[in-house]
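The structure appears right after this line, and notes come after that.
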Amino acid sequence: MSIEPEQNPQQKLDVQKDISVKKSGKKKKKKSSKKKGGEGFSKNTISVLRTKLRNNIELTTLADGKANVLLSLNALMLTFILPFMIPYMDQIKEEYLFIPLVILISTCLATVCISVIVLRPGKFGGQGVQIQDRSQVSPFFFGNFGLMSKGEYLNYSNEVLNDDKLVNKFLSNDFYHIGMRLAEKMKLIRIAFNVFIVGLIVSTVLTLLLIFIM
């Protein structure tokens, strides 16, 4: 049999102190971890914001690509139609073919103009957010910090980034304006396609009718 040495009262007190210190340290770590987890945005929120931004960028690129296709196609058609008309002007007038040609040229010009409007940089107004009876501009929008000096922007950006609610308001406001501009682009592209399709069909059908009638 082995007899364990008895601990004196001082040693027992030291052991109890060590145990209590370890427990209190664990509690502090838990509290600090909770605080860190509560600061800033959650992972789900950040993931949603990234997805939303990526979708807006992809849709904007898609809209600009469609506008470029319409612009190139109609500019190419005008380049071929106008030189072709000049040598045959008398024949075109006699057979009234100038009517469908005028319709086609007008269609191409209208489509080109709408496409240019889509590609033109839009006016971004109302980027401010009303906060506590005063309007503050978003530090995340290039049109706003482009008007600030470097020092003003850094100070203002640090002030905003320290307030999660303010960041949320500014991001929501920026996404709203980006979405409105994207909706405007898509609407204009739809109009451009409709004008092009209708004008092309009308001019083609009218040309065939005039050829067979005359």
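Values quoted throughout were computed directly from the atomic coordinates according to the rules given, and no laboratory measurement underlies them. For clarity, every value in this text was computed on a predicted model and none was experimentally measured. Methodologically, a virtual Cβ is constructed for each residue, glycine included, from the backbone with ideal geometry; neighbour enumeration extends over all protein chains shown.
With a ≥ b ≥ c taken as the square roots of the eigenvalues of the C-alpha gyration tensor of the stretch 44-213, please select rounded if a/c is under 1.5 and otherwise prolate if a/b is larger than b/c or oblate if it is not?
Prolate is the answer for the stretch 44-213, as a/c is 1.5 or above and a/b outweighs b/c.
Mind sorting Tyr88, Tyr156 by how few other Cβ atoms lie within 10 Å of their own Cβ, fewest first?
The order, fewest Cβ neighbours first, is Tyr88, Tyr156.
Once the piece of chain linking Leu119 and Ser149 is laid out straight, how much longer is it, given 0.36 nm per residue of separation minus the C-alpha distance between them?
7.9 nm
With the contact rule set at Cα under 8 Å and sequence spacing of 6 or more, what percent relative contact order holds for the stretch 44-213?
Here the relative contact order equals 35 percent.
Students often check this: by mean Cβ neighbours within 10 Å, which of 200-211, 94-105 ranks highest, and how do the rest follow?
94-105, 200-211
For Tyr156 and Glu94 in one chain, what is 0.36 nm times their gap in residues minus the Cα-Cα distance, to one decimal in nm?
Once the chain is fully extended between Tyr156 and Glu94, it gains 15.2 nm.
Taking 7 Å along the Cα-to-C-beta vector as the label spot, tell me the Asn55-Thr204 distance in nanometres, rounded to one decimal.
A separation of 3.6 nm, rounded to one decimal place.
Could you pull out which residues in the stretch 57-71 have an amide N less than 17 Å from a spot 7 Å beyond the Cα of Ile197, following the Cα-Cβ vector?
Inside the label zone: 66-67, 69-71.
So, with +1 on the Cβ of K and R and -1 on the Cβ of D and E, and no other charges, what is the size of the charge dipole of the stretch 44-213 about its Cα centre, to the nearest 20 debye?
Dipole about the Cα centre, nearest 20: 360 debye.
Rounded to two decimals, what is Rg over Rh for the stretch 141-214 when you use alpha-carbon atoms and the Kirkwood radius?
1.48
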